[in-house]
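Comments concern the structure below.
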Amino acid sequence: MKPVTGKREFFSGIGAIQYEGPQTNNPLAYRWYDENRIVAGKSMKEWLRFAVAYWHSFNGNGADPFGEATHLFEWDKNADPIARAKDKADAAFELITKLNLPYYCFHDVDVVDYTNDIADNEKRLQTLTQYLKEKQEESGVKLLWGTANLFSHRRYMNGASTNPDFHVLSHAAAQVKAALDATIALGGENYVFWGGREGYMSLLNTNMKREKEHLARFLQASRDYARKNGFTGTFFIEPKPCEPTKHQYDYDAETVIGFLRQYDLLNDFKLNLEVNHATLAGHTFQHELQVAIDAGLLGSIDANRGDYQNGWDTDQFPTNLNELTEAMLIILEGGGFKGGGINFDAKIRRNSTDPADIFYAHIGGVDSFARALVTADAILEKSDYRKVRQDRYASFDAAEAKAFEAGNSSLEALRDFAVAQGEPKVSSGRQEYLENIINNYL
Ligand code: XLS
Ligand code: NI
Ligand code: NI
């Protein structure tokens with residue numbers, strides 16, 4: 001991929017990031033991500049399908065609840081909103097192409113500022129969609145997914161599709177319609193719903209049953225509109241248990257799968273799992289992955305990591321090789337993503353203020369996943385990891401156990417089997433042995 005710059009270069013002095021191998025001393029090179037390297041029958045590029053997130057990388061200005069912006073972007077200076085949005089698109093495509101990553105993701109309001117005028121917002125997004133389309137054609141970068149931000153504007157303080165006010169719900173619908181139009185026009189491969197404020201702060205003022213039914217109707221209407229207009233991709237729900245809402249309806253993977261089943265949405269919707277959301281829900285990321293894969297619903301992931309000492313979504317770039325290797329073991333065994341990829345829903349820290357920091361951040365995340373992929377493949381191919389787990393269930397090979405698994409046993413038959421066998425032998429779970437395998441292959 002050739003770097004694509006607009007009228008001006010925003011990251012001058014930084015060229016194309018290339019694979020140089022683990023021995024390199026160059027901090028602006030990949031050590032592990034060699035996009036054409038074949039691992040388990042597919043190229044790294046095909047397995048990982050990396051995407052850059054517009055909101056963190058080009059809008060996230062370092063502000064936090066205690067302080068103003070610390071990242072003063074050159075592309076954010078033009079007073080005209082359309083010209084500013086085009087500068088931002090130029091910066092975005094320069095970064096994505098210099099990183100040599102195949103995809104990007106956005107919310108409507110990341111691309112261009114919105115006002116309270118629905119028709120004007122539609123026009124603005126259409127103008128930028130045309131501009132992004134040209135940038136995609138020039139560079140070969142593709143849209144992994146689009147989405148609408150239904151949580152920042154004050155009208156959404158009580159939710160969007162689960163808002164007690166039908167007027168607010170209809171505003172959310174207008175926004176989703178325009179975001180779907182943009183996603184379809186850009187050949188977006190998927191569309192995401194993250195229900196930032198779809199939940200409640202207090203049950204005292206909430207009719208939970210009614211709100212959840214509204215959420216389902218809203219998803220059905222969005223699906224029907226997109227299908228009618230030629231969208232063939234997958235819709236993803238992104239679970240998160242809390243923050244900003246105290247209790248969000250899309251709490252975790254199991255909750256979302258139950259919801260999709262209840263409202264007959266399983267044919268069109270899959271899951272977009274985020275590392276830091278899993279940990280907020282009291283799970284490991286690996287747990288959430290396994291739940292989704294077992295249901296055939298692992299669509300995509302939002303890659304980041306939390307902070308062990310804090311209880312919120314800190315959205316740091318992923319660097320923990322041990323955890324990522326465990327995650328890649330599950331993703332590889334599950335056959336990869338269904339339609340999606342790895343979106344860096346991650347931001348550099350407030351005090352990471354050099355233009356190069358955003359490059360180091362992505363390089364670290366990309367290399368960590370690439371290395372985890374290679375390591376996980378070696379573990380699956382060369383170690384006895386799979387065999388240890390399989391052997392743990394060896395007693396289910398007995399004819400009586402097979403009958404049980406097939407639903408052809410009874411409590412009496414199980415009792416008779418127990419009497420015939422006598423007290424079971426204890427057997428080790430060998431957890432430490434397995435944990436050492438991960439480290440031995442890293
Ligand atoms: C916030 C979410 C958000 C979604 C897209 O916690 O992760 O960034 O990915 O709306
Ligand atoms: Ni996310
Ligand atoms: Ni998040």
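The values are calculated or read from the model by the stated rules, or taken from the named source; none is laboratory data. Just so it is clear, the model here is predicted, and its values are computed rather than measured. For neighbour counting, all protein chains shown are included, and Cβ atoms are generated from backbone atoms with ideal geometry for every residue, glycine included. The accessibility values were calculated without ligands, DNA or RNA, using every heavy atom of the protein model including side chains. Shrake-Rupley method; radii C 1.70, N 1.55, O 1.52, S 1.80 Å.
So the values come out like this:
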quantity	calculated
Positive minus negative residues near Tyr103 (Lys, Arg vs Asp, Glu; Cβ under 11 Å)	+2
Per-residue SASA entry for Glu432, accessible area with 1.4 Å probe, Å² rounded to 10	120
FRET E, pair Asp307, Ala398, Förster distance 41 Å, beta-carbon r, rounded to 0.05	0.30
Label zone at Glu134, where the point sits 7 Å out along the Cα-to-Cβ direction: the range 184-206 residues whose backbone N lies under 17 Å	186
Peptides ranked, highest mean first, by Cβ atoms within 10 Å: ranges 391-401, 333-343	333-343, 391-401
Stokes-Einstein D in µm²/s, Kirkwood radius over Cα pairs - the range 282-335 at 37 °C with 0.692 mPa s viscosity	274
Cα gyration tensor shape for the range 244-333, rounded if a/c is under 1.5, else prolate or oblate	oblate
Anisotropy class of the chain from Cα gyration tensor, a/c 1.5 cut	oblate
Positive minus negative residues near Ala420 (Lys, Arg vs Asp, Glu; Cβ under 15 Å)	-2
Cα gyration tensor, the range 194-308 - rounded (a/c under 1.5), prolate or oblate	oblate
Nonlocal amide H pairs with Tyr30, under 5 Å, H built at 1.01 Å	Gln18, Tyr19, Glu20
The range 64-78 - phi-based ³J(HN,Hα) in whole Hz, Karplus 6.51/-1.76/1.60, Gly and Pro as x	9, x, 10, x, 6, 4, 10, 9, 9, 6, 4, 7, 10, 9, 5
Computed [θ] at 222 nm, deg cm²/dmol, the chain (DSSP H ≥ 4; -39,500 (n - 2.57); rounded to nearest 500)	-13500 deg cm²/dmol
Area accessible to solvent at Met1, 1.4 Å probe radius, in Å²	90
Solvent exposure of the range 157-294 as accessible area per residue, Å², 1.4 Å probe	43
Burial order of peptide ranges 183-196, 257-270, 238-251 (average beta-carbon count within 10 Å, highest first)	183-196, 238-251, 257-270
Greater than 29 Å apart at Cα, pairs in Lys338/Lys387; Lys88/Lys177; Lys240/Lys402; Lys135/Lys240	Lys240/Lys402; Lys135/Lys240
Acute angle (nearest 10 degrees) that the helix 411-421 long axis makes with the longest principal axis of the chain, alpha-carbon atoms	60
Packing-based order for 147-155, 67-75, using average beta carbon neighbours within 10 Å, highest first	147-155, 67-75
Fully extended contour minus Cα-Cα distance, from Lys142 to Arg430, at 0.36 nm per residue	99.3 nm
Length gained when the stretch Glu423-Phe166 is fully extended (0.36 nm per residue, less Cα-Cα span)	86.3 nm
Carbon + sulfur, % of accessible area of the chain - ligands and nucleic acids excluded, 1.4 Å	49
Alpha-carbon gyration tensor eigenvalues x 5, square-rooted, for the range 268-393, Å	26, 17, 14
Ala16-Ile118 FRET efficiency (beta carbon distance; Förster radius 56 Å; 0.05 resolution)	0.85
